[in-house]
Amino acid sequence: MKKERFTSLVFYLWTLVVLALLVAPAAWFSSGQKPLIPFLHTDKIIHFLMFGFFAFFLYFYLLQRGFKQGRKLSLVCLLSAAAYGLAGEVLQLLTSSLLGRSFSWWDFVADVVGAVAAVLVAYCLCRK
């Protein structure tokens, strides 16, 4: 499989995985037990990672589509991840009675921070 096709496939599949996790019923994620580390907000770490990988994969996908590395590419990845994260939170709000999920600004903040970290990593990897 060509590198371009592989990169596209990874980006598209990850985008779908994120969507599926955002709209999955809340009951799938709660075990009813107390967390092993009570102060650790596992939910925020998951949001950080989900949108970090989304921005990372998007960065390389867009590079292969002809974007040049720089501020514009980084900004497009950050804004795309932020928009996707916000849309996911709004979707959770709209389906709260059906799925038991809710809108959280802190989840959105974790999404954006994860995207920023991932874009920095992708940028540094490409500079070498």
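The values are calculated or read from the model by the stated rules, or taken from the named source; none is laboratory data. Fair warning: this is a prediction, and the values are worked out from it, not measured in the lab. We place every Cβ from the backbone using ideal geometry, glycine too, and count neighbours over all the protein chains shown. Just the protein is used for accessible areas: all its heavy atoms, side chains included, with ligands, DNA and RNA removed. Shrake-Rupley method; radii C 1.70, N 1.55, O 1.52, S 1.80 Å.
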Item to check | Cβ-Cβ FRET estimate between residue 71 and residue 43, R0 fixed at 22 Å, reported to 0.05 | outcome: 0.10
Checklist entry - Taking 0.36 nm per intervening residue step and subtracting the Cα-Cα distance, what contour gain separates residue 102 from residue 5 on full extension? => result 31.4 nm
Item to check | For Rg/Rh (Cα atoms, Kirkwood Rh), calculated from these coordinates, the label among (1) 1.02; (2) 0.94; (3) 1.18 | outcome: (1)
Checklist entry - What accessible surface, in Å², does a 1.4 Å probe find on residue 76, ignoring ligands, DNA and RNA and rounding to the nearest 10? => result 50
Checklist entry - If you average the sequence gap of Cα pairs under 8 Å that are 6 or more apart and divide by the length of the chain, what percent do you get for the contact order? => result 37
Item to check | Packing rank of 80-89, 48-57, 101-110, 65-74, where each peptide gets the mean count of other beta carbons within 10 Å, highest leading | outcome: 48-57, 80-89, 101-110, 65-74
Checklist entry - When the helix-only estimate is applied to the chain (DSSP H runs of n ≥ 4, each -39,500 (n - 2.57), divided by the residue count), what is the mean residue ellipticity at 222 nm, nearest 500 deg cm²/dmol? => result -25500 deg cm²/dmol
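If 123, 59 are ordered by their accessible area, calculated over protein heavy atoms with a 1.4 Å probe, which sequence runs from highest to lowest? Numbers along the way, then the final one.
Numbers: 123 80, 59 0 Å².
Listed by decreasing accessible area, they come as 123, 59.
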